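The values are calculated or read from the model by the stated rules, or taken from the named source; none is laboratory data. Since this is a predicted model, take the numbers as computed values, not measurements. Cβ sites come from the backbone with ideal geometry, for glycine too, and all protein chains shown count toward neighbours.
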Amino acid sequence: MQLSVKDVVKLFNVSERTVYRWIKESDIPYYRLNEQYRFNRVEILEWATSRRLPVSPEIFQEEEGPLLSLSQAIAAGGIHYRVGGADKKEVLRNVVELLRLPEEVDVSFLLQVLLARESLGSTAIGDGIAIPHSRSPIVLHINKPIVALCFLEHPIDFDALDKQPVSVLFTLITPTVRSHLHLLSRLAFALKDPQWLDIIRRQGTREEILDTLRTFEQSMNA
């Protein structure tokens with residue numbers, strides 16, 4: 001979830017002047033989106049812990065509605081075929097441009113976050129599949145999580161442990177920690193289903209992919 005300056009004031013019980021001083025000194029982790037300062041809840045908590053600053057228990061609270069299923073998140077993010085790109089950076093740039101995001105979202109910032117995550121360690125999980133995402137929810141103007149499934153036009157080296165080039169990307173964009181972990185775990189579990197994995201490998205139709213996933217999810221819920 002994104003936090004405003006007023007939220008940070010309330011969490012630390014300080015004045016706005018103090019928060020702006022932290023920003024000016026580049027001490028507190030922040031982002032500037034549409035001329036406004038925004039803060040990531042997870043980063044703020046880590047920052048406060050490292051400085052032994054007392055914080056309000058409200059920092060652990062997230063406004064959260066019902067969690068989306070993986071099939072709902074993929075339907076929201078879209079399934080895209082023949083996504084081009086000669087290397088990891090170019091592919092991720094093209095993926096970001098395909099994402100169904102609100103106009104006010106800073107796509108260049110999103111690309112930087114995804115590339116920064118890759119620099120920490122590849123998100124390739126083997127078998128030609130990668131799951132680009134940030135280590136914590138991204139500060140963006142989105143109300144619900146999305147997962148974009150992209151099939152690459154040409155396999156790309158993603159520094160996978162099994163050395164296989166990647167041709168399938170599941171890109172996760174989530175607004176909260178809870179939805180982030182929920183979708184990651186659901187995706188990892190779904191990729192163990194032989195029937196759905198086979199459809200992914202052969203780049204089945206959108207209808208095949210979503211219908212088979214929904215059936216699998218129903219069996220999991222049962």
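Okay, here's what the table says:
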read-out	value
Test result for residue 172, within 19 Å of residue 31 (Cβ to Cβ), in a strand (DSSP E or B) and touching a residue at least 12 places away in the same chain (Cβ under 8 Å)	yes
Tabulated pairs, the range 148-164, first touching a residue at least 40 places away in the same chain (Cβ under 8 Å) and in a loop (DSSP other than H, G, I, E, B), second surrounded by 15 or more Cβ atoms within 10 Å (Cβ to Cβ) and of a type in the set (Lys, Arg), C-beta under 7 angstrom, 6+ apart or interchain	158/88
Of residues in the range 101-126 being among the charged types (D, E, K, R) and surrounded by 15 or more Cβ atoms within 10 Å (Cβ to Cβ), the one modelled with the highest pLDDT	118
The lone exception for residue 11 - which of (1) within 25 Å of residue 144 (Cβ to Cβ); (2) in a loop (DSSP other than H, G, I, E, B) it fails	(2)
Strands (runs of 3 or more DSSP E) wholly inside the range 14-132 containing at least 3 residues that are in the same structural domain as residue 164 (by TED's automatic domain parsing) and closer than 30 Å to residue 156 by Cα	79-83, 124-126
Filter result (assigned to a helix (DSSP H, G or I), free of Cβ contacts under 8 Å to residues at least 60 places away in the same chain and among the hydrophobic types (A, V, I, L, M, F, W, C)) within the range 198-222	199, 216, 220
Residues satisfying the stated conditions in the range 24-43, i.e. modelled with pLDDT of 80 or more and either in contact with a helix residue (DSSP H, G or I) (Cβ under 7 Å, 6 or more places away or on another chain) or surrounded by 17 or more Cβ atoms within 10 Å (Cβ to Cβ) (or both)	28, 29, 30, 31, 37, 38, 39
Test: residue in the range 53-70 that is at pLDDT 75 or above, within 20 Å of the chain's Cα centre (by Cα) and among the aromatic types (Phe, Trp, Tyr)	no
Residue in the range 144-158 that is over 21 Å from residue 80 (Cα atoms) and either out of contact with any Pro (no Cβ under 6 Å at 6 or more places or on another chain) or not assigned by TED's automatic domain parsing to the domain that holds residue 44 (or both) present	no
Sole exception among (1) under 14 Å from the mean Cα position of the chain (by Cα); (2) among the aromatic types (Phe, Trp, Tyr); (3) under 27 Å from residue 210 (Cβ atoms) for residue 158, by number	(1)
